[in-house]
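Undergrad: Take a look at this one; I'll ask things after.
The values are calculated or read from the model by the stated rules, or taken from the named source; none is laboratory data. Since the model is a prediction, treat every value here as computed from it, not as a measurement. Using ideal geometry, Cβ is built from the backbone for each residue, glycine included, and neighbour counts are taken over all protein chains shown. Side chains are part of the model used for accessible areas, which takes the heavy atoms of the whole protein and leaves out ligands, DNA and RNA. Shrake-Rupley method; radii C 1.70, N 1.55, O 1.52, S 1.80 Å.
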Amino acid sequence: MLRSHTCGQLRVSDVGSEATLCGWVESCRDHGGAVFIDLRDRYGATQVVIGPPEANQQQIDFAGRIGAEWVLKATGVVSHRLEGKTNEKLATGDIELRCAQVEVLNTSAVPPFVPSQSDLPNEDLRLKYRFLDLRRPQMQRSMITRSQIIKEMRDYFAEHDFIDVETPILGRSTPEGARDYLVPSRVHPGHFYALPQSPQLYKQILMVAGFDRYVQVAKCFRDEDLRADRQPEFTQLDLEMSFVDAEDIIAIIDGLVARVAKKILGREVQLPLARMSYEEAMRRFGSDQPDLRYALEIVDITEIAKTVEFRVFRGTADEGGFVRGIKVDGRAEEFSRRRLDELTEYVKRDFGARGLAWFRVEPDGSLWSPTSKNFTADELNRITAAMSAKPGDLLLFLADSWNVTCRGLAGLRKRLGGELKLYAADSLHCSWITEFPMFEKDDETGNWHAKHHPFTAPLASDLPLLKTNPEACRAQAYDLVINGSEAGGGTIRIHDAATQSQVFDLLGIDQETARDRFGFLLDALRFGAPPHGGIALGIDRWVMLLGGLENIREVIAFPKTQKATDLMTEAPGTVDTAQLNELQLRTVSVKT
RNA sequence: GGCGCUGUAGCUCAAUUGGUUAGAGUACCGGACUGUCGAUCCGGUGGUUGCGGGUUCGAGCCCCGUCAGCGUCGCCA
């Protein structure tokens, strides 16, 4: 070891002993007759003093020329700071290391930004110089938290008899789901591997193989557009269990949530976690990942709308649409015409809503809006009653299809929840959404496709609906939602070939295709597959949510930009013609 | 692919309605200084206002295109 202590370690109790520190120059203050250097490492910072009587003037002059982010090794005697010269901002602020000279382990070019900088540089610069950005204490904290969370997960599952099994990164492309990242095969020209979107099929095979309880910290890849909480390459805590039902999976994850909350945040989580059916979530919050840290619950006034004169409401209701709204408690005054116009524009632009109807509840309890003249007093009274509106409230309504009202109101909830700060910054709300529909209809093609994935088992009670009414058929599926973000999701799988065929039929996957793509799984199901199910947790999101961060890039050491590039390595890049030739590949331009 | 925001010195930002030589803090360079810790003081370097085009007597500012970063919708079984 080049050092005897870390830069966050020395205290008054060490005074008088010799110590050697290694670290980066956080700042170098040259006073001519003495030089003060704050030496930083991941553990903290310690002041190193090069001055008399230890150092001669030549050594002091040398130290004065040391620059930011140089790497130093400093050996000296741990000393009390002078009376009144202690620094309360540093854990090591009562002492300093007095040295004759420091050894320069490495110099540094003048950095484009320094880790201690208060005004963060633009993110593209942070990403290009990620090694500097990662020196920032906040980034180091995030990466440490991430490490601790993964450790807790591994410990927890090891204690519950799970076996960690690695599954291949080079697999084969699947027909459904996200776009695959493809890897060309040199040995089989024209053939491609696909990087896993998840280890889904492998873990099911492991159940058939008798591994009973499988877990893995798995890298997953999906070639889709990025978001603040979505990267093309991400990490899942993936698990699968045999001889279980949904209750067992939920219970074991409940235990994990409580443990991680306790160990990482020091907080107690009430178990069991709350549950809500998909139907209830959509009805009350318009989303299958509702943020339950605040209310803003959706109220359906379609029945009232059918009886009013106002064409927008009545017409929509009569044509089978819905009129639903939310109530902002007592904050109507904060909504200027301009702000309401912005919200209107928002629901039109982002969700294709036809408009936003709003009402202020006046001091006398009456409703006012630009359109209120289109309503009779009785109509307005019934709306007020349905919404339990009080003076000072703001009412927002969408009159549209079920989907648009769901998406639009969910969007408004999310936006207003944030803008109005309807929840405490440190609040944590975890819950389960269950009983998802098995299938969704593609609006364009009219085809059915799996809401989760094609191996999801229907609720036993809904099994007959597979033939008669697929739309109503619910799945044994469960999503873990934390603070309005999908933090995990899983299902009980189909474990018999007959049901699996039936589902494939419904999805329009013919026997030939099924055999071609999933033959190995279908085979496995014929050779004694146990009932099984599992879940995958989004580790990046867990770290983000538990850390109170709003961006997934803050918890990934080397994240990609919105266009899926790495600004540091400049990936993706071009390759030599020789490499392409070896793979028998040629690039062509395709007009899109 | 659509919509929106941002882009000015190494970095963070300013620049009146379109009007003189684009400024400040910080970093950097030189000098002074023994107690600083956002050190201080004196002096200095540093600009294709992302890029290309247009309007105008005149563009950092207006218009069109484009590139990049971010947010969002579509997309993400």
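Undergrad: Check each of the GluC sites (Glu not before Pro) in segment A:51-108 and keep only those in coil by DSSP with at most 15 other C-beta atoms within 10 angstrom; list them in order.
TA: Details: sites: A:Glu54, A:Glu69, A:Glu83, A:Glu88, A:Glu96, A:Glu103; in loops: A:Glu54, A:Glu69, A:Glu83, A:Glu88.
Listed in order of number, the matching sites are A:Glu83, A:Glu88.
Undergrad: Here's another thing I want to ask about it. Taking θ as phi - 60°, what are the ³J(HN,Hα) couplings along segment A:458-467 by the Karplus curve (6.51, -1.76, 1.60), each to the nearest whole Hz, with x for Gly and Pro?
TA: x, 4, 3, 5, 9, 3, x, 5, 3, 8
Undergrad: Quick check: the angle from helix A:402-419's long axis to the longest principal axis of chain A, C-alpha only, nearest 10 degrees?
TA: For A:402-419 against chain A, the angle is about 30 degrees.
Undergrad: Nearest 10 degrees is fine. How inclined is helix A:246-260 to the longest principal axis of chain A, computing both from alpha carbons?
TA: Result, in degrees: 30.
Undergrad: In addition: Loop only by DSSP, 12 or fewer other Cβ within 10 Å of the Cβ. Give me the trypsin sites (Lys or Arg not before Pro) in segment A:156-215 that pass, ordered by residue number.
TA: A:Arg186
Undergrad: Additional query: Between segment A:267-300 and segment A:165-202, what is the C-alpha centre distance in whole Å?
TA: Rounded to whole Å, the Cα centres lie 36 Å apart.
Undergrad: Which of rounded, prolate or oblate describes segment A:430-515 when judged by the alpha-carbon gyration tensor and an a/c cut-off of 1.5? Kindly include the intermediate steps, with their values, before the conclusion.
TA: Working: a/c = 1.84, a/b = 1.60, b/c = 1.15.
Here segment A:430-515 falls in the prolate category.
Undergrad: Next question, about the same structure. Once the Cα atoms of helix A:377-387 and of chain A are each reduced to a long axis, what angle between those two axes, in degrees from 0 to 90 to the nearest 10, is obtained?
TA: Computed tilt is about 50 degrees.
Undergrad: Sticking with this structure for a sec: Does segment A:191-248 classify as rounded, prolate or oblate by the C-alpha gyration tensor (a ≥ b ≥ c root eigenvalues; a/c under 1.5 gives rounded; else a/b over b/c gives prolate, otherwise oblate)? Could you put the intermediate results ahead of the total?
TA: Numbers: a/c = 3.06, a/b = 1.66, b/c = 1.84.
Oblate, since a/c reaches 1.5 and b/c is not below a/b.
Undergrad: Next question, about the same structure. At 1.4 Å probe size, what's the solvent-accessible area of A:Glu297? Round to the nearest 10 Å².
TA: 70
Undergrad: Another question, if that's okay. Applying 1/(1 + (r/R0)^6) with R0 = 25 Å to the Cβ-Cβ distance of A:His188 and A:Phe520, what FRET efficiency is obtained, to the nearest 0.05? Display every interim value, and only then the final one.
TA: Numbers: r = 18 Å, r/R0 = 0.71.
The pair A:His188/A:Phe520 has a calculated efficiency of 0.90.
Undergrad: Which loop chymotrypsin sites (Phe, Trp or Tyr not before Pro) in segment A:21-86, with loop taken from DSSP, have no more than 16 other Cβ atoms within 10 angstrom of their Cβ? Could you put the intermediate results ahead of the total?
TA: Numbers: sites: A:Trp24, A:Phe36, A:Tyr43, A:Phe62, A:Trp70; in loops: A:Tyr43, A:Trp70.
Those that pass, being in a loop and sparsely packed, are A:Tyr43.
Undergrad: Can you bin chain A into rounded, prolate or oblate? Criterion: square roots of the alpha carbon gyration tensor eigenvalues sorted a ≥ b ≥ c, rounded for a/c under 1.5, prolate for a/b above b/c, oblate for the rest. Working shown, then result.
TA: Details: a/c = 2.17, a/b = 1.42, b/c = 1.53.
Oblate.
Undergrad: Work out the P(r) tail for segment A:294-422: percent of alpha carbon pairs separated by more than 22 Å, whole number.
TA: On the way: 2330 of 8256 pairs.
Value for segment A:294-422: 28 percent of Cα pairs lie more than 22 Å apart.
Undergrad: Shifting gears a bit: Full extension from A:Ala498 to A:Ser27: what is 0.36 nm times the residue separation minus their Cα-Cα distance, to one decimal in nm?
TA: 162.6 nm
Undergrad: Solvent-accessible area per residue for chain A at a 1.4 Å probe radius, Å²?
TA: Details: 30020 Å² over 592 residues.
Ligands and nucleic acids excluded, the result is 51 Å² per residue.
Undergrad: Return the Rg/Rh value of segment A:419-463, two decimal places, where both radii are evaluated on C-alpha atoms and Rh is the Kirkwood radius. Please list the in-between numbers first.
TA: Numbers: Rg = 17.2 Å, Rh = 14.0 Å.
When Rh is taken as the Kirkwood radius, the ratio is 1.22.
Undergrad: Now for a separate question. Quick one: work out the % antiparallel among DSSP beta bridges in chain A, nearest 5.
TA: On the way: 87 of 96 bridges.
Once the DSSP bridges in chain A are tallied, antiparallel ones form about 90 percent.
Undergrad: Using packing as a proxy for protection, rank A:459-467, A:204-212 so that the peptide with the highest average count of other Cβ atoms within 10 Å comes first. Kindly include the intermediate steps, with their values, before the conclusion.
TA: Working: A:459-467: 13.7, A:204-212: 18.9.
Ranking the peptides A:459-467, A:204-212 by packing returns A:204-212, A:459-467.
Undergrad: Out of all Cα-Cα pairs in segment A:12-106, roughly what percent, to the nearest whole number, are more than 15 Å apart?
TA: Numbers: 2453 of 4465 pairs.
Above the 15 Å cut-off, segment A:12-106 has 55 percent of its Cα pairs.
Undergrad: Moving on. Write down the percent of antiparallel bridges among all DSSP beta bridges whose residues are both part of segment A:12-106, to the nearest 5. Numbers along the way, then the final one.
TA: Details: 28 of 31 bridges.
Here the antiparallel bridges make up roughly 90 percent for segment A:12-106.
Undergrad: On to the next question. For the pair A:Ser366 and A:Lys89, what calculated FRET efficiency results from E = 1/(1 + (r/R0)^6), where r is the Cβ-Cβ distance and R0 = 56 Å, to the nearest 0.05? It would help to have the intermediate numbers written out before the result.
TA: Details: r = 57 Å, r/R0 = 1.01.
Efficiency at R0 = 56 Å is approximately 0.50.
Undergrad: Okay, helix-only estimate at 222 nm for chain A: each DSSP H run of n ≥ 4 adds -39500 (n - 2.57), divide by all residues, round to 500 deg cm²/dmol; what do you get?
TA: Values: 17 runs with 173 residues, N = 592.
After summing the helix terms and dividing by residue count, I get -8500 deg cm²/dmol.
Undergrad: How big is segment A:346-386 along each principal axis, measuring the range of its Cα positions in Å and listing the largest first?
TA: On the principal axes, segment A:346-386 reaches 34, 19, 18 Å in Cα extent.
Undergrad: For segment A:373-441, state the average projected area of the convex hull of the C-alpha atoms over all orientations, rounded to one decimal in nm². Intermediate results must be reported in sequence, preceding the final value.
TA: Details: hull surface 31.4 nm².
Across all orientations, segment A:373-441 yields a mean hull projection of 7.9 nm².
Undergrad: Using the Cα atoms of segment A:495-539 to build a convex hull, what is its mean projected area in square nanometres? Walk me through the numbers on the way to the answer.
TA: Working: hull surface 16.3 nm².
Taking the Cα atoms of segment A:495-539, their convex hull projects to 4.1 nm² on average.
Undergrad: Further, regarding this structure: Ignoring ligands, DNA and RNA, what percent of the 1.4 Å accessible area of segment A:12-106 is carbon and sulfur?
TA: Values: 2350 of 4820 Å².
On segment A:12-106, the fraction of accessible area on carbon and sulfur atoms equals 49 percent.
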